[in-house]
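The values are calculated or read from the model by the stated rules, or taken from the named source; none is laboratory data. The shown structure was predicted, so the numbers you read here are calculated from the model rather than taken from an experiment. When we count neighbours, we look across all protein chains shown, and the Cβ atoms used for this are built from the backbone with ideal geometry, even at glycine. Note: areas computed on protein heavy atoms with side chains; ligands, DNA, RNA excluded. Shrake-Rupley method; radii C 1.70, N 1.55, O 1.52, S 1.80 Å.
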Amino acid sequence: MTDTDPASFHRSVAAGFTERVVGADRAGEWGAPAPVEGWVARDVVRHLLEWFPGFLGSGTGIELPTGPSVDDDPVGAWRTRVDAVQALLDDPASAGRVLSNPHLGDVPLPEAVSRFYTTDVFMHTWDLARATGQSEALDPDLCAELLAGMEPVDELLRSSGQYGPRVDVADDADPVTRLVAFIGRRP
C-alpha cells in the first residue's frame, strides 16, 4: 500500500485522521490524555503539524502554509496542513522533485512524504482515536506492511527516540495490535 500513488495514499490516510480530528472537536476531547506519555489529544495533532514543515523545508526548500494555531483551532490547523500536503502531492511538478536529507540521501519527494509523513499520520490516527474514545480501527494490511518494514530496523528506530519500548503482545495478535505495540503503545 505504501508503494501506491502517494497522493491517493495520503488522501486515504488523511481522511481517517481528519475524521478523528472532527470527532475530537465535536466531543470537546482536546485535553484528554493520549497514549503517548505526556501528551493530550491536541498534542497528537500538534506533533504532525510541527515536525513535517522542517523536514520538508530543509530537504526541498518548500514551505507549507500555516493555518491557525493548534491551541486555538485544532481542526482549522489540521485542515490547512492536510490540504497543503494534498495539493503538493496532487501537483504534477512534485513527481520530479527530490527531498535531500543527510540521513536518507536523495528521495523522490512523493515517496518521502509517503514513507515518513503519511505513515506517521496513519499511526497517530490510533493515538488520537484512543485518546478521544473513537474507533481505533486501522487497515490491518497496511499495519502488517508497516510492521514488516519496521521490524528489521527495530534497533535503529528505538535509538532514534521516535518510538517507546516495544510492548509485548501475544504472537497471534492481529496486525493492528502488533503495530501499535511495536511503536510502544499499550493496545
What's the number of the condition residue 79 fails, among (1) open to solvent by 70 Å² or more (accessible area, probe 1.4 Å); (2) in contact with a strand residue (DSSP E or B) (Cβ under 9 Å, 6 or more places away or on another chain)?
-> (2)
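Of the residues 130, 97, 81, which is basic (Lys, Arg) and touching a residue at least 40 places away in the same chain (Cβ under 8 Å)?
Exactly one of 130, 97, 81 is basic (Lys, Arg) and touching a residue at least 40 places away in the same chain (Cβ under 8 Å), namely 130.
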Inside the range 144-168, can you point out the residues that are of a type in the set (Val, Ile, Thr) and either open to solvent by less than 50 Å² (accessible area, probe 1.4 Å) or in contact (Cβ under 8 Å) with a residue 24 or more places away in the chain (or both)?
-> 167
Quick one: which of 53, 74 is buried (at least 16 other Cβ atoms within 10 Å of the Cβ) and closer than 14 Å to residue 113 by Cα?
-> 53
Assess whether residue 37 counts as being closer than 29 Å to residue 164 by Cβ and touching a residue at least 40 places away in the same chain (Cβ under 8 Å).
-> yes
Of the residues that make up the range 125-138, is at least one assigned to a helix (DSSP H, G or I), surrounded by 14 or more Cβ atoms within 10 Å (Cβ to Cβ), within 14 Å of the chain's Cα centre (by Cα) and not hydrophobic (A, V, I, L, M, F, W, C)?
-> yes
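Within the range 1-19, track down each residue that is polar (S, T, N, Q) and either assigned to a loop (DSSP other than H, G, I, E, B) or surrounded by 15 or more Cβ atoms within 10 Å (Cβ to Cβ) (or both). So that I can check it myself, show each step before the final result.
The initial filter retains those residues of the range 1-19 that are polar (S, T, N, Q), namely 2, 4, 8, 12, 18.
If the condition is that a residue be polar (S, T, N, Q) and either assigned to a loop (DSSP other than H, G, I, E, B) or surrounded by 15 or more Cβ atoms within 10 Å (Cβ to Cβ) (or both), then 2, 4, 12, 18 are the ones that fit.
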Right, residue 140: at pLDDT 95 or above and touching a helix residue (DSSP H, G or I) at 6+ places or on another chain (Cβ under 6 Å) or not?
-> yes
May I ask you to verify whether residue 22 is surrounded by 14 or more Cβ atoms within 10 Å (Cβ to Cβ), in contact (Cβ under 8 Å) with a residue 40 or more places away in the chain and either in contact with a Pro (Cβ under 7 Å, 6 or more places away or on another chain) or assigned to a loop (DSSP other than H, G, I, E, B) (or both)?
-> no
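I'd like the full set of residues that are of a type in the set (A, V, I, L, M) and open to solvent by 20 Å² or more (accessible area, probe 1.4 Å), limited to the range 25-50. Can you show your working first?
First, the residues of the range 25-50 that are of a type in the set (A, V, I, L, M): 27, 32, 34, 36, 40-41, 44-45, 48-49.
27, 36, 40, 49, listed by residue number.
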